[in-house]
Structures are given as structure tokens and as C-alpha cells.
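Following: one structure in C-alpha cells, then a few remarks.
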Amino acid sequence: MGASEIPPEIIEAILDATKPDSLNLDVGTLASASLINIPWHIISRRMLLGTVYIRPETVLRFVDLFALPKVTLPDFVRALVIQRKQQPDTGHVDCEILDQLAPVTTKLPHLRTLRLYNIDWSARSPLRTTLCDLIMA
């Protein structure tokens, strides 16, 4: 039985067994496994990109990915986590970050979870109808 004949459930079990613990992925192993063939590539990418973590300083780079002509990220993202450090970060306004992400979320067809941690809602503009407004509703 060649690598292309292994059922997807078995590939997933093999890759799942490479996790050092239940919360972390072995990124190097998954990246290497994605080079085996298309089934391994798809399952590895789904595991690697299933949850994307964004910090205020990385929002624009994440949004810029969607301007690339051959971006495949949207096919794999199931959860988006926006996380600010515990300490106040005065260089980024939270609702502006959410405004920048709002158009991108419509391009993520498999997005099922949006987690927000340490977000400051006090800087919210009362005149805008945005993702920030939808969350507050």
C-alpha cells in the first residue's frame, strides 16, 4: 500500500499522534507530511491552519494574505482567535482591528469559531456599523 492509498482517517490519526500534547501541533512534522502527496497535504494544512491566532500587530499582514492571487488559507481556517496581551497595548485600537478583519471573515467559508481575548470595547465609535457593533449587539 502506497502513501496515496492510505485512507484519510488513518492519515489524520498518524498526524494526530505527532502532537507533543493535546493542545500543540508539531509544526515541522506537519509541514514535512504536507509534502508527501495531495491527501497528506490537505490533511496537514487543515491541521496547521485550522485555528489562526492573530495579535493586533499581525492583523494587517493577515489581511494582506487575502490580496494574493493564489491564497489557499481560506479553505482551511475553521477558527479565528484574536488575542491582545494582558497589558494594555495603546498602539492598537481594538474596534479598528475588528473593522480591518470584518471583510476577511466573509472570505473564510469554513469559519465556525471567533474567539476574542482581552479586547477593550471602550474605544468603540458610536457611528460605525461594523463587526464590533455586531459583537456588541
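The values are calculated or read from the model by the stated rules, or taken from the named source; none is laboratory data. Note that this is a predicted model, so its numbers are computed, not measured. Here the Cβ is made from the backbone with ideal geometry for all residues, glycine too, and neighbour counts use every protein chain on show. Areas reflect the complete protein model, heavy atoms only, side chains present, ligands, DNA and RNA absent. Shrake-Rupley method; radii C 1.70, N 1.55, O 1.52, S 1.80 Å.
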* Could you check how much of the accessible area of segment 1-82 is carbon and sulfur, as a whole percent, using a 1.4 Å probe? => 62 percent
* Asked: How much FRET efficiency would the formula 1/(1 + (r/R0)^6) give for Ile36 and Asn118, where r is the Cβ-Cβ distance and R0 is 35 Å, rounded to 0.05?
  -> 0.35
* Separation in nanometres of the label points that stand 7 Å from Cα toward Cβ, at Ile14 and Phe66 -> 3.5 nm
* Sorted peptide list for 61-70, 26-35, 110-119, 47-56, criterion being average Cβ within 10 angstrom, highest first -> 47-56, 26-35, 110-119, 61-70
* Asked: Using 0.36 nm per residue, how much length does the chain from Asp26 to Lys107 gain when fully extended, once their Cα-Cα distance is taken away?
  -> 26.4 nm
